[in-house]
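As structure tokens, the structure follows; a few thoughts come after it.
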Amino acid sequence: MNKQFFLSCLILNVNSFTRSCLAFALLILTWLALATSIIASSSASAQEQVVQEQLLKEQVVQKQVVLRPGDIVQLNLPGEADFEKHFQINQEGLLMLPEIGQVTLGGMPLAAASLHVKALLAEQYRAIDDFDLVLIERRLPVRVLGFVKEPGMIDLPADGNVQLALQQAGGPSAGAQLDKIQLNRAGEVTAFDYKKYLDTGDFAILPELQPLDVIFVPASPLIGNVQMDFDAATLSASGDGAEAGTAIKVFGEVLKPGVFSYKAGNTVVDMLMRAGGVTRYAGVEHIRVINQGIPQLFDLKNYLDTGDATSMPTITAGSTLFVPIQEEEIKTGLRTIYVMGEVFKPGAYEAPDGTAFFDILANAGGPTRFAETRQVRIIRSSGQVDAFDLQAYTEGLAARQIPEISPGDAIFVPEKTDMNEKSWLKISPDRAIRVIGAVIKPGRYEWGDEMSFLDILAHAGGPTQDADISQIKVLKNGQASREKPFDLAAFITDGGDFSLLPQVSAGDTIIVPEKPRDVIDNKARWLRQSQESSIYVFGQVGQPGRYAFDNKLHFLDILSAADGPNQFADIHAIKVTHRNGYTSKVTTVDLGLYFETGDETLLPLVRAGDTIYVPQRDKAWLDQKKEQTVRIIGAVAKPGRYTFNEAMTILDLLAEAGGPTDKAHLTDIMVVNISTAKASENQSQRFDLKTFVKRPDFTKLPLVRSGDTVYVPDINNSDWNVFVSNVKDMVSVVSLVAITGGF
């Protein structure tokens, strides 16, 4: 019995100990799971915090980004469909927004731009607390000009470079000079060697692009001044020299004489090979080489026989190589001067000490009748080229000294230009002036220092009968002038000092525009008609369009040119936009009031560049701003929105709406005046039209302004009508009870 009791106690104790251990183990596992969950939650929270901090940093960095032309932004304005699309900043740094217009954002940080746009939107919208301006994409607008196939504005991605810009411009044209491409950034020009980049692949050669950069691809000087197609053989026929100061001049008895670019390490043989080699008449034993003003004699035959490179002169930048004719070797020497071109006896002449320019020219027989004596050139042994106007000197018009002649120099007398053959290439660019447009004989003419603006205009035959001589422009050295066009008509009509004539010189271009003959012809000439001399007429007129405009014309003149307002025009609300640079001003013209009063002060002063818009008389409600109209609702013949001006009263508005209907409650017309400050300040007025008709007192008419609402209630909604209706209902009930015996 005692053993059984002991065993029972022992088993009971063992079971109790086992249960305690199991409970303790379960507690440990629960604690470990809880700790693991806490650690995991803490780790996830820390990781989420890191991500949020990174996003916050990115947002801060983006807000500090400065906006620039070409950037694409998005305006987050919930509930407004007009702002769901993306907007791009134009070249002037402006952003066109609905209901606001132009907003200048270029050069502003994104955060500041967002606050600026939000302030502007607050004037038109109320719920803008959630507004945000987000930069969607950066673009790189650049302009590619010059000798490319498709010059113009190029829109590149943010990482675009010069090669992508040239590719989008169609690539360089044949004859483009790739080693002298220019990058113009805000007037600062940088040249770079694009050819070297193509040869080496070194991206460091290409300058980084910024918005509004201008890439200019120049043309090779070999293509001349007339545009035509060239092949490789034609381009290399006269050499490849571009810089007059460093180019190597090779002439004489060579197959392809010309001007060649200087390349370090080139020898005399290299230059002769680039010139196509010598002819069979060449005196190769007496080749002249002029380096830095020092003449040297080179015997090519001796070099080929011995291979002695020490006898070969060094070629430096600006060197001159001359290969004489073998028959004239006897006339060559260290004291030789060469005379070429339009002289009776071209050749090489000895020049003893004291020999003057006219001595050499006289020995050569003097200029022929085909010689262009205004453009005589003296090619110095150093490579320098001096010009001499022999004709001006002989006529006493040029106070120039006679050029000094030294051994090794060359005198070149070019051929006179035949104007009948249009030989423009024979006129040196530094002596030519261009006259284009509405003149009798447009073209390129030789310029003389004694000539004036009227001289060259008369030389071109003068303006045609269709010429607009009030808008003559002068391009100085191929660049557009910022000066106003010259008004020759005013100069002739009013008279003026000749010192007021445009100052022109060689290299300039005179443009005489043509004025339109009629409205249809005017439209056909838009591309030749500048914006500064045009005015735009839109809307309800007989012939809307763009017209040539003289500042002497009147507002009614330009309306008459557009055939005047048509039958649908609202002549009481004509809009005139006056443009002045980047700002504009809009004037409203009441042409109907002018016709009634004849008051000239009602007509605006219109200048070239302005815009006239004649609106439609019965235009849709949505075309009229709510702040400029008055709403008439209720018991009227034609409820709706009506244009309102300060001269109108509530009687005018009721009449324009067709008047009250038969069911109108005339003693309780409501006028709701909308306050422009706060909605809480809006007021309403009651107007008794019935009493006013019996005893008219215009001082008691309610004040109506633009934006107000006039409500004419129906008589069925009046308090008396409601009361009578209730009484009728009560009588009907009493009658029904009486009939059924309820009383």
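The values are calculated or read from the model by the stated rules, or taken from the named source; none is laboratory data. What you are looking at is a predicted structure, and each value in this text was computed from that prediction instead of being measured. Reconstructed Cβ throughout: ideal geometry from the backbone, glycine too, with neighbour counts over all protein chains shown.
Which residue pairs have Cβ atoms under 7 Å apart, sit 6 or more places apart or on different chains, and have a first residue in region 687-707 that is in contact (Cβ under 8 Å) with a residue 24 or more places away in the chain and a second that is charged (D, E, K, R)?
Hits for this filter: Ser706/Glu627; Gly707/Lys626; Gly707/Glu627.
What number of residues in region 89-120 are in contact (Cβ under 8 Å) with a residue 12 or more places away in the chain and either of a type in the set (A, V, I, L, M) or in the same structural domain as Val586 (by TED's automatic domain parsing) (or both)?
Summing the residues that are in contact (Cβ under 8 Å) with a residue 12 or more places away in the chain and either of a type in the set (A, V, I, L, M) or in the same structural domain as Val586 (by TED's automatic domain parsing) (or both) in region 89-120 gives 13.
Each row is one residue, and each column tells you yes or no for (1) of a type outside the set (Lys, Arg); (2) at positive phi; (3) over 20 Å from the mean Cα position of the chain (by Cα).
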{"position": "Val103", "(1), (2), (3)": "yes, no, no"}
{"position": "Ala112", "(1), (2), (3)": "yes, no, yes"}
{"position": "Lys118", "(1), (2), (3)": "no, no, yes"}
{"position": "Asn184", "(1), (2), (3)": "yes, no, no"}
{"position": "Asp193", "(1), (2), (3)": "yes, no, yes"}
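So if I check each of Lys57, Lys3, which one is modelled with pLDDT under 65, among the basic types (Lys, Arg), more than 24 Å from Leu156 (Cβ to Cβ) and loosely packed, with under 10 Cβ neighbours inside 10 Å?
Lys3
Look at Val254 and say whether it is in contact with a Gly (Cβ under 7 Å, 6 or more places away or on another chain), crowded, with 20+ Cβ neighbours inside 10 Å and modelled with pLDDT of 90 or more.
yes
Residue by residue, here is whether (1) loosely packed, with under 14 Cβ neighbours inside 10 Å; (2) under 28 Å from the mean Cα position of the chain (by Cα) holds:
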position	(1), (2)
Gln74	no, yes
Gly93	no, yes
Met96	yes, yes
Gly106	no, yes
Arg126	yes, no
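If you go through region 198-229, how many residues are aromatic (Phe, Trp, Tyr) and at pLDDT 90 or above?
Qualifying residue count, region 198-229: 1.
Taking the residues in region 425-456 that are touching a Gly at 6+ places or on another chain (Cβ under 9 Å) and assigned to a loop (DSSP other than H, G, I, E, B) as candidates, determine which candidate is modelled with the lowest pLDDT.
Trp447
Among the listed residues His572, His554, identify the single one that is in contact with a helix residue (DSSP H, G or I) (Cβ under 7 Å, 6 or more places away or on another chain), surrounded by 11 or more Cβ atoms within 10 Å (Cβ to Cβ) and modelled with pLDDT under 85.
The match here is His572.
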